[in-house]
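Undergrad: This is the structure I have questions about; it appears just below.
The values are calculated or read from the model by the stated rules, or taken from the named source; none is laboratory data. As the structure is a computational prediction, the values presented were derived from the model and not from experiment. Methodologically, a virtual Cβ is constructed for each residue, glycine included, from the backbone with ideal geometry; neighbour enumeration extends over all protein chains shown. The area values use the complete protein model at the heavy-atom level, side chains included, leaving out ligands, DNA and RNA. Shrake-Rupley method; radii C 1.70, N 1.55, O 1.52, S 1.80 Å.
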Amino acid sequence: MRAALLAVLLLVGCASRPPVPDWQGNAHGALQAAVAATLNGENRVAEAEMARARSEIARTGQPALLARAELVLCAARVASLDLDGCPAYAALAVDAAPAEQAYAAFLYGTVLPAQVDLLPAQHRAVAVGGSPRAEPQDPLARLVGTAVLLRQGRAAPADVAAAVQTASGQGWRRPLLAWLGAQLRGAESAGDVDAAQHIRRRIQLVN
């Protein structure tokens, strides 16, 4: 589900070489729990788990690792159309590796051509003007890519519909409500009364 993104951003490959440091397993588990809680709309749980992940990573004294973790959580928020930036990462950006800086720029919708090759492969198509519907992706990556399109004003109704379907299929309450809201605004702007009423019923059900 979220394994591909976490693998890219949190060095989980190190887990295959025993012995595994306690902080690494603890941080990874807490970060996964924080992401899951964020997507499920469980904010208090997400905050508690992320605080635990930060505490474990802080034991290493490596701000670059913490920057990676903050970007993972930031991606979950972007997938839920929280597009107000990632202040926790921004505070660590000066120590972030180039790949993390490129990924942050992608989330902000400001990635440069020279940074595209540093992105996870599943996001490169969107970064160069394509659509996340162009090729199979994990669900979180699809939502993140579509959110970037929406931020840039490039998301077509079909992209929004695909995001709704993705969030619905995963049972992710927070992004589903966000994307249904975007879909509702599109239906209202188009004057499609029947579609708008159907979307409102879905929103009511989720709530």
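Undergrad: Do the conditions hold for L140, that is, is it open to solvent by less than 50 Å² (accessible area, probe 1.4 Å), part of a helix (DSSP H, G or I) and free of Cβ contacts under 8 Å to residues at least 40 places away in the same chain? Working first, answer last.
TA: Working: open to solvent by less than 50 Å² (accessible area, probe 1.4 Å): yes; part of a helix (DSSP H, G or I): yes; free of Cβ contacts under 8 Å to residues at least 40 places away in the same chain: no.
Judged against the criteria, L140 is not a match.
Undergrad: Out of (1) in a helix (DSSP H, G or I); (2) over 19 Å from A141 (Cα atoms); (3) among the hydrophobic types (A, V, I, L, M, F, W, C), the odd one out for V20 is which?
TA: Unmet for V20, out of (1) in a helix (DSSP H, G or I); (2) over 19 Å from A141 (Cα atoms); (3) among the hydrophobic types (A, V, I, L, M, F, W, C): (1).
Undergrad: On the basis of being of a type outside the set (G, A, S), open to solvent by less than 30 Å² (accessible area, probe 1.4 Å) and in contact with a Leu (Cβ under 7 Å, 6 or more places away or on another chain), does V126 make the cut?
TA: So V126 passes the test.
Undergrad: When you scan the range 156-188, how many residues do you find that are surrounded by fewer than 22 Cβ atoms within 10 Å (Cβ to Cβ) and not in a helix (DSSP H, G or I)?
TA: So the count comes out to 2.
Undergrad: Would you check if A76 is among the small types (G, A, S), without any contact (Cβ under 8 Å) to a residue 60 or more places away in the chain and in a helix (DSSP H, G or I)? First the steps, then the outcome.
TA: Working: among the small types (G, A, S): yes; without any contact (Cβ under 8 Å) to a residue 60 or more places away in the chain: no; in a helix (DSSP H, G or I): yes.
When the stated conditions are applied, A76 does not pass them.
Undergrad: On the given criteria, is A75 buried (at least 17 other Cβ atoms within 10 Å of the Cβ) and within 16 Å of the chain's Cα centre (by Cα)? Full working, then the answer.
TA: On the way: buried (at least 17 other Cβ atoms within 10 Å of the Cβ): yes; within 16 Å of the chain's Cα centre (by Cα): yes.
The answer is yes for A75.
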